[in-house]
Amino acid sequence: MDDRKLNKEKIPRHIAIIMDGNGRWAKNRALPRIVGHRYGMESVREVVTACRELGVEVLTLYAFSAENWKRPRREIRALMNLLKKYIRAEIDALNRNQIRVHFIGDIDKLPDDVKPLLDEAERTTAGNSGMILNLALSYGGRQEIVRAAARLAEAVVRGKVATSEITEAVFAQYLYTAGQPDPDLLIRTSGEQRVSNFLLWQIGYAELYFTSVLWPDFRRKHLYQALLEYQKRKRRFGLTDEQLREA
Ligand code: FPP
């Protein structure tokens with residue numbers, strides 16, 4: 001499928017993706033898990049390019065969860081090396097395409113040989129305004145909410161915010177995604193139908209799309225299929241049909 005069937009006026013502003021199934025993809029081929037991650041990087045490249053072309057404002061990819069630290073040390077090391085490789089290999093293309101990279105999650109926990117590279121990638125792409133690419137690393141949704149609550153409490157203690165002023169919009173300013181629109185569409189690959197602690201606050205009204213395609217097989221056409229399905233959905237935000245028509 002190509003993108004001609006898509007309504008270009010109804011492209012989600014923010015797409016979030018849980019990239020799942022790299023391990024199973026490799027296992028199906030009797031290859032080490034890390035080979036699945038390596039091929040998964042190709043899918044990342046293709047999806048980033050396609051989203052930029054479609055005019056998506058924000059793309060958030062779940063690259064490493066707070067729970068992934070429990071994986072074998074070797075796999076963690078390999079994933080960190082892939083991350084470094086990805087940044088080094090893609091930084092020029094990201095800049096050329098006006099993509100701003102933003103890392104979300106408990107970045108302090110990442111190895112010391114990775115952190116400076118992330119800082120540098122954020123700094124060198126900071127002026128880009130074409131699309132924001134959030135890469136979630138050591139990320140957990142509950143952790144993010146607790147961190148936001150603590151930071152907001154700190155602001156209250158310092159007298160910068162009054163408790164009577166706290167609204168959803170104020171709270172959201174303390175999340176990693178401050179200033180960004182919430183995801184309109186959440187995609188998860190590999191057949192699992194869970195949100196796995198991803199962007200818990202932000203996906204409150206997101207359309208959920210699950211596909212059995214494993215992440216290393218996920219290509220542009222699969223993204224278009226997800227978008228076509230998204231465009232068929234009726235987003236109600238709690239309103240009646242009549243109210244929606246008037247709006
Ligand atoms: C889930 O598959 C995937 C991950 C935990 C890592 C995602 C990483 C990449 C796609 C490559 C690196 C990406 C960037 C942006 C540098 P899984 O291992 O949980 O698969 P399984 O459920 O089949 O075991």
Note to self: Beyond a 21 Å Cα-Cα separation, which of these cross-linked pairs lie in this structure: Lys27/Lys109; Lys27/Lys221; Lys8/Lys232; Lys85/Lys109; Lys85/Lys221?
What the structure shows: Lys27/Lys109; Lys27/Lys221; Lys85/Lys221
Check: Quick one: with all protein chains in place, what share of the accessible area of the chain is carbon or sulfur, to the nearest percent (1.4 Å probe)?
Finding: 48 percent
Margin query: I'm a student and want to see the number: the projected area of the Cα convex hull of the range 1-103, averaged over all directions, in nm².
Written below: 7.8 nm²
Checklist line | Beta bridges by DSSP in the chain, antiparallel share as percent, to the nearest 5 | finding: 0 percent
Item checked: Relative contact order for the chain, counting Cα pairs under 8 Å that sit 6 or more residues apart, in percent -> 29 percent
Item checked: Kirkwood Rh in Å, taken over all unlike Cα pairs in the range 98-220 -> 16.5 Å
Next item on the list: Please calculate how many Å² of accessible area the chain carries per residue, with a 1.4 Å probe and no DNA, RNA or ligand atoms counted.
Entry: 53 Å²
Next item on the list: Could you give the size of the charge dipole of the chain about its Cα centre, using +1 on the Cβ of each K and R and -1 on the Cβ of each D and E, expressed in debye and rounded to the nearest 20?
Entry: 820 debye
Check: So how many Å³ per residue does the convex hull of the Cα atoms of the range 26-69 work out to?
Finding: 82 Å³
Checklist line | Rg/Rh ratio calculated on Cα atoms of the chain (Kirkwood radius) | finding: 0.97
Margin query: Whole angstrom only: what separates the Cα centroid of the range 123-161 from the Cα centroid of the range 56-121?
Written below: 16 Å
Next item on the list: Under 19 Å Cα to Cα from Lys234, which aspartates and glutamates show up? Leave out anything in the same chain fewer than 8 places away.
Entry: Glu9, Asp182, Asp184, Glu207, Glu242, Glu246
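The values are calculated or read from the model by the stated rules, or taken from the named source; none is laboratory data. This is a predicted model, so every value here is computed, not measured. We place every Cβ from the backbone using ideal geometry, glycine too, and count neighbours over all the protein chains shown. Just so you know, the surface numbers come from the protein's heavy atoms only, side chains and all, with ligands and any DNA or RNA stripped out. Shrake-Rupley method; radii C 1.70, N 1.55, O 1.52, S 1.80 Å.
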